[in-house]
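To start, the structure itself, in C-alpha cells.
Values in this text are rule-based calculations from the coordinates and carry no lab data. Note that the structure is predicted; figures quoted are calculated from it, not measured. Cβ coordinates were reconstructed from backbone atoms using ideal geometry, including for glycine residues, and neighbour counts include every protein chain displayed.
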Amino acid sequence: MTACYTPNPATKMMIQEKTRVNTSLCWSCSACDSECPVFIGSSCLRPQKVLRMASLGLLEELVGLPEIWYCLACKRCTQSCPNDCEPETIVGFLLKEAVRTHLYSDETLARYHEFYGRFQRVRWKAAEMCLKGEDIEPLVESNWQAWLENPVGIQNGDVSLSELSHTKEFIGEAERSATASCFNCSECTNSCPICFERNVFDPQRIFRMVNLGIEEEILRSPSIWLCISCQTCTNVCSQLVSGHVLIRGLQEMAAREGIVAPEFSDRWKKTQRLLYPLFTREIDAIFGFDEKGRIL
C-alpha cells in the first residue's frame, strides 16, 4: 500500500528558510535524477524525490530516508537544475538534522564517515585498473573488501629537475587555473568531500604537482579521475584558483596526448556504475536499513 502523507506548510517554510532553497520551483523535470551518479548506478537516490518531499514539509520522513546517506555531495543535481532548486543543499541540511536530533548513534556515524573515506580507495584502485585497460566487472565483488581495507601506497618517488615538465600545454593549464596563486592554505583539502587520504585524492597536492611541473606522473595518476566536479575547491579558494577547471583540463590533456586510451572514459563510467550498488549496500549495513529503507 502506498504511504499517505499530510503536507505541513509550516515545516516547508522552515526548510526553505534554513536552506534558502525554494523547493516550490521544482517542476519535476527529473534533470537532477538523470545527472545523479548514485541514481544512475543503483537507482537508490532520487534528488527529485527529496525536493518534492521537502516541498510538502515532510521533514521527519526526509530525515529518516536512507537515500540522504547515499549522496556524494557532487552537486550535479544542483548544477543541472534549471530552476536552481539545489537538491544537494537540502540533503546537506537533512544530514545535519539527523545528527542534531541524535537519530543515529555516534558509533554509527563514525562508521559511516570511515567507510566513505575508504570508498575513495576503491574508486582509486578501480580507476587504476581502467587506466590499464583491464576488465573490472568480474573483479568488483571479489575485490571489494580488499580495496576498502588496503591503503593506496605512495605513488611518487624522488623527482629530479630533468624530469620536470615545461611543455607549453601543461603550463597553459596551470595559468588558466591560476594555480601559481596557491599558497598552501589547505582550504581546498579541508573542504573537499572526497579528500580523506592524501595518496588517494587531495586537490592541494594536485595543484602543487602542477606548479612543480610534475607532468608525467600527474597525467598518469588515477587521482585526477576521482574528482566529482563539485567545484568546492574553487568556491572556497581565497586566491581564486580554479581547481575543478584545472583537474578537468588535466583529464582532457591526458586524453589528447594518448596517455589514456580512447575507450577509457566509457570504461570508467561503466565501472563507477558497478561500484555504487555496493556502496549503497554497505551504507545500508552500517545503518541497519532493510530493502525497503526501514531501520531493522
Cα pair count fraction exceeding 16 Å, expressed as % - segment 220-296: 65 percent
Range in the chain, longest, excluding exposed chymotrypsin sites (Phe, Trp or Tyr not before Pro) [loop by DSSP; at most 15 other beta-carbon atoms within 10 Å]: 28-182
Within the chain: Cβ-based charge dipole about Cα centre, in debye rounded to nearest 20 (Lys, Arg +1; Asp, Glu -1): 620 debye
Projected-area mean, the chain, by convex hull of Cα positions, square nanometres: 17.1 nm²
Amide H contacts under 5 Å for PHE289, placed H, 5+ residues apart: LEU296
Rounded if a/c under 1.5, otherwise prolate or oblate - segment 153-261, Cα gyration tensor axes: rounded
Residue of LEU246, LEU109, LEU139 that the Gaussian network model of the chain assigns the largest fluctuation, springs spanning Cα pairs under 10 Å: LEU139
Whole-Å distance, taken between Cα centres, linking segment 7-59 and segment 224-275: 27 Å
Neighbour-limited loop hits for trypsin sites (Lys or Arg not before Pro), segment 191-227 (at most 13 other Cβ within 10 Å; DSSP other than H, G, I, E, B): ARG198
Among GLU35, GLU88, GLU149: highest mean-square fluctuation, GNM of the chain, C-alpha pairs under 10 Å: GLU149
Helix-only [θ]222 nm of the chain, DSSP H runs n ≥ 4, -39500 (n - 2.57) each, per residue, nearest 500: -16500 deg cm²/dmol
Folded to 0 to 90 degrees: helix 243-256 orientation relative to the chain principal axis, Cα: 60 degrees
Gain on full stretching of the segment that runs from VAL236 to GLN79 - 0.36 nm per residue minus C-alpha separation: 54.8 nm
Loop trypsin sites (Lys or Arg not before Pro), segment 8-64, which have at most 14 other Cβ atoms in a 10 Å radius of their Cβ (DSSP): ARG20
